[in-house]
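In what follows, a single structure is set out as structure tokens and then discussed.
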Amino acid sequence: MTLGTSIHLGNDTLENWIQESQAHSIYDFGVGEGIIGHMCRSLLPDARICGCDTWRGAVDFHSKNSPYDRVIQGDLVSVSRSSLDALDSTLWIFGDVLEHIQRLDAMSVLRFGLNKGKDILISVPIGPYEQGPLYGNPLESHVWAAYPGDFEFVGFRCECVVYSMITGNVVSESFENKDEYNTPRGHLAKIRITHKST
């Protein structure tokens, strides 16, 4: 079975942030084939790691030999507000998933998590990145184009690393929206949003 997956570019940054978090409980929104889950399990082997996916195939895939303690089926908007595993977690991770839901829903989930005291890690394509259904899953479609400035939340410590998907190099470490980000399938950002006391 082929499942949705995260873009590997910049995963060293994500790994560093996960390690630095020393989180005891982690929630992965949009588990796909489990790249984030395996990363978290390797770096923080004693952490409780749970997740969700809208696609039944992903949930079934993780029924055996999974890095997750539990995976449930559900959309991330509903799960973020109703799953005890999500609500009890201190670190929320969104690995190449926010572009699959409407922008207002994505921002609502992030604000809700931050208001509940969660630290948040995000991997997201930047600028135009057209994608339709994949692997028989209509929910793999991209429905909006994200830009770094969308993720700079006032009152929180926000960090951003933008990579060129063409060269693999870091092109920016700011939330400034640049004209070059309008290159289709050109850039990817890794973003960390934490509470200022951390």
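Name every residue in region 108-124 that is assigned to a helix (DSSP H, G or I) and of a type in the set (Ser, Thr, Tyr), in order of residue number.
Hit for region 108-124 is 108, nothing else.
How many residues does region 74-103 contain that are without any contact (Cβ under 8 Å) to a residue 24 or more places away in the chain and of a type in the set (Lys, Arg)?
Number of matching residues: 0.
Failed condition for residue 111, given (1) at pLDDT 90 or above; (2) surrounded by 20 or more Cβ atoms within 10 Å (Cβ to Cβ); (3) over 20 Å from residue 15 (Cα atoms), with all others met?
(2)
Being buried (at least 17 other Cβ atoms within 10 Å of the Cβ), in contact with a Cys (Cβ under 9 Å, 6 or more places away or on another chain) and acidic (Asp, Glu) narrows it down to one of 75, 69, so name that one.
The unique qualifying residue is 75.
Inspect region 128-146 for any residue being modelled with pLDDT of 90 or more and at negative phi and give the result as yes or no.
Yes, some residue in region 128-146 is modelled with pLDDT of 90 or more and at negative phi.
In region 144-194, which residues are touching a helix residue (DSSP H, G or I) at 6+ places or on another chain (Cβ under 8 Å), under 23 Å from residue 118 (Cβ atoms) and among the small types (Gly, Ala, Ser)?
146, 189, listed by residue number.
In region 148-198, which residues are among the aromatic types (Phe, Trp, Tyr), over 21 Å from residue 111 (Cα atoms) and within 18 Å of the chain's Cα centre (by Cα)?
Correct list: 163 only.
Which of the strands (runs of 3 or more DSSP E) contained wholly in region 34-107 include at least 3 residues that are closer than 20 Å to residue 124 by Cβ?
Per the criteria, 48-53, 91-95.
Take the residues in region 18-73 that are free of Cβ contacts under 8 Å to residues at least 60 places away in the same chain and acidic (Asp, Glu); name whichever of them is nearest to residue 192 (Cα to Cα).
20
Does residue 50 fit the bill of being modelled with pLDDT of 95 or more and over 17 Å from residue 190 (Cβ atoms)?
yes
The values are calculated or read from the model by the stated rules, or taken from the named source; none is laboratory data. Remember, predicted model here, so these are calculated numbers, not experimental data. Neighbour counts run over all protein chains shown; Cβ positions are idealised from the backbone, glycine included.
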